[in-house]
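K.L.:
Quick one: the structure is below, questions incoming.
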């Protein structure tokens, strides 16, 4: 990949990669760091990555960088750093997007990632499998389970509200 192709790739895909990471970790500063690290990794390997495969490489590298961050962060989590809305029992919902965000946050990491790649970013099952290093049938199972959980979660809130 040439320098101009790399710059074009940054222009075309930076927002999508950022949205994907931000939806998963919900911390703007960390999402920006992960996206920056992802583009640094791509630059380090720019001679090996073709321009046609750049988007797939970016999402794969971003996914694995995010997983590394989450694993590292789990070891360093402190009670004072926990968001205040997690520490309270009171939940108020002003719209469906808040409910959906909360439901997505309750999904296991792998289910949240595959549902975000498939439903938010529009990747095929095969592409999601390549990015997450899962086979296509595993991706389908995780997406099914995630969608079922989201449906049940939203329906159970309708009964409460």
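K.L.:
Find the residue count for the range 124-143, including only residues that are under 16 Å from residue 16 (Cα atoms) and surrounded by 21 or more Cβ atoms within 10 Å (Cβ to Cβ).
P.N.:
Selection size over the range 124-143: 2.
K.L.:
Of these, 45, 71, 92, which one is at pLDDT below 85 and more than 20 Å from the chain's Cα centre (by Cα)?
P.N.:
Answer to the check: 92.
K.L.:
Specify which of the listed residues (52, 5) is surrounded by fewer than 14 Cβ atoms within 10 Å (Cβ to Cβ) and not in a loop (DSSP other than H, G, I, E, B).
P.N.:
Sole residue among the options that is surrounded by fewer than 14 Cβ atoms within 10 Å (Cβ to Cβ) and not in a loop (DSSP other than H, G, I, E, B): 52.
K.L.:
On the given criteria, is residue 97 assigned by TED's automatic domain parsing to the domain that holds residue 139, out of contact with any strand residue (DSSP E or B) (no Cβ under 9 Å at 6 or more places or on another chain), within 27 Å of residue 141 (Cα to Cα) and at pLDDT below 80?
P.N.:
yes
The values are calculated or read from the model by the stated rules, or taken from the named source; none is laboratory data. The model shown is predicted, which means the values in this text are computed figures rather than measured ones. When we count neighbours, we look across all protein chains shown, and the Cβ atoms used for this are built from the backbone with ideal geometry, even at glycine.
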